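In what follows, a single structure is set out as structure tokens and then discussed.
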Amino acid sequence: MNLLFIADPLESFKTYKDSTFAMMREAQRRGHAIAACEPQDLLWQRGSAVTAHVRDITLTGQEQAWFSERGQRAVALQDFDAVLMRKDPPFDAEYFYATHLLEQAERDGARVFNKPGALRDHPEKLAIMEFPQFIGPTLVTRDAEDIKRFHAEHQDIILKPLDGMGGMGIFRVGPDGLNLGSITETLNRHGAQSLMVQKFLPEIVDGDKRVLVIGGRPVPYCLARIPQGSEVRGNLAAGGKGVARPLTARDREIGEALGPVLQARGLLLVGLDVIGDCLTEINVTSPTCFQEIHDQTGCDVAALFVDALEAA
């Protein structure tokens, strides 16, 4: 197959842990051709198919100069066998516009994974609200009084922005309510912006588990991101320690329940975040943890992904 990866700049990849790199490596091992571009390389001109200025690359197997570039060209996205949208968050206006260009590319005949319309329809924090049977007490609001009532009921709560990533902007407020007002004002911008409030889950001490779902099926191992020191966040970007573990019965239950539903909507790869027995986030933009799971367990997540991509 001829594959196009739409991603962050290749020069910024940390190949020892990058899941997109792991996908590329496995695809090349199977003989697939690889091209790459960034979202700003997409263009759509009147009367023409959506096109991208792409770099044809070959992986070298070296640690530093990990790819060589065979050339650059402008190619219609429909000419690739698969287009993989792997741009990291934030899901900002430019990401939003990119999904519209990719959706037009689908109308031209391109095959895009994950499906651009599904990327828009599943905001990663809000998406959990569709599955109340798997989540803890959760509130989405911009109203400070609603947040006060939620805190009065649950005492120990987490507040976070809906557009945050990597643990950014997450606050915990305990039973004393210290700084609840100022934290609310910071996150809701004095009532102008919605945020998510959740009951604090003490099971976070055992890790914020990333459960990968590929082609509708959960991967047998998850990566538990364990907070370090006094930190409440387990995100690797916030200093959490990643420990691979077999799925629990509850992890598998959640993955098997959501997997077929999300796959039917065009989401080939999903990362479910689970704390204890509760689903806390549904990651669809650029789920990671392939290499950490493989390095610690031998489970070849990239191979599972390319199997699913070939089947799709």
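A helix-only calculation puts the chain at -8500 deg cm²/dmol for mean residue ellipticity at 222 nm, using -39500 (n - 2.57) for each DSSP H run of at least four residues, averaged over all residues. Taken along the Cα-to-beta-carbon direction at a fixed 7 Å, the label points for Val140 and Glu94 span 2.6 nm. For the chain, the alpha-carbon radius of gyration amounts to 1.03 times the rule-of-thumb value 2.2 N^0.38 Å expected for a compact globular protein.
Taking 7 Å steps out from each Cα toward its Cβ at Glu130 and Ala192 produces label points 3.1 nm apart. For a straight C-alpha distance cut-off of 16 angstrom, the aspartates and glutamates reachable from Lys160 (same-chain residues fewer than eight places away being disregarded) are Glu124, Asp143, Asp146, Glu185, Asp208, Glu231, Asp273, Glu281. In plain terms, the chain from Glu231 to Leu162 could stretch by 22.8 nm, reckoned as 0.36 nm per residue minus the Cα-Cα distance. The Cβ shell under 11 Å around Glu26 holds other residues with a net charge of 0, Lys and Arg each +1, Asp and Glu each -1. Kindly list the residues of segment 67-111 that lie in the label zone of Glu11, defined by a backbone N under 15 Å from the point 7 Å along the Cα-to-C-beta vector. Only 67-69 pass the distance filter.
Here are some pairs, Lys87/Lys209; Lys87/Lys148; Lys14/Lys199; which of them have Cα atoms lying more than 31 Å apart in this structure? Check vs 31 Å cut-off fails for Lys87/Lys148; Lys14/Lys199.
Every read-out reported here was derived from the displayed coordinates using simple, explicitly stated rules and does not represent laboratory data. Everything quoted here is computed from the prediction, not taken from an experiment. Quick reminder, even Gly has a Cβ in these numbers, built from the backbone with ideal geometry, and neighbours come from all protein chains shown.
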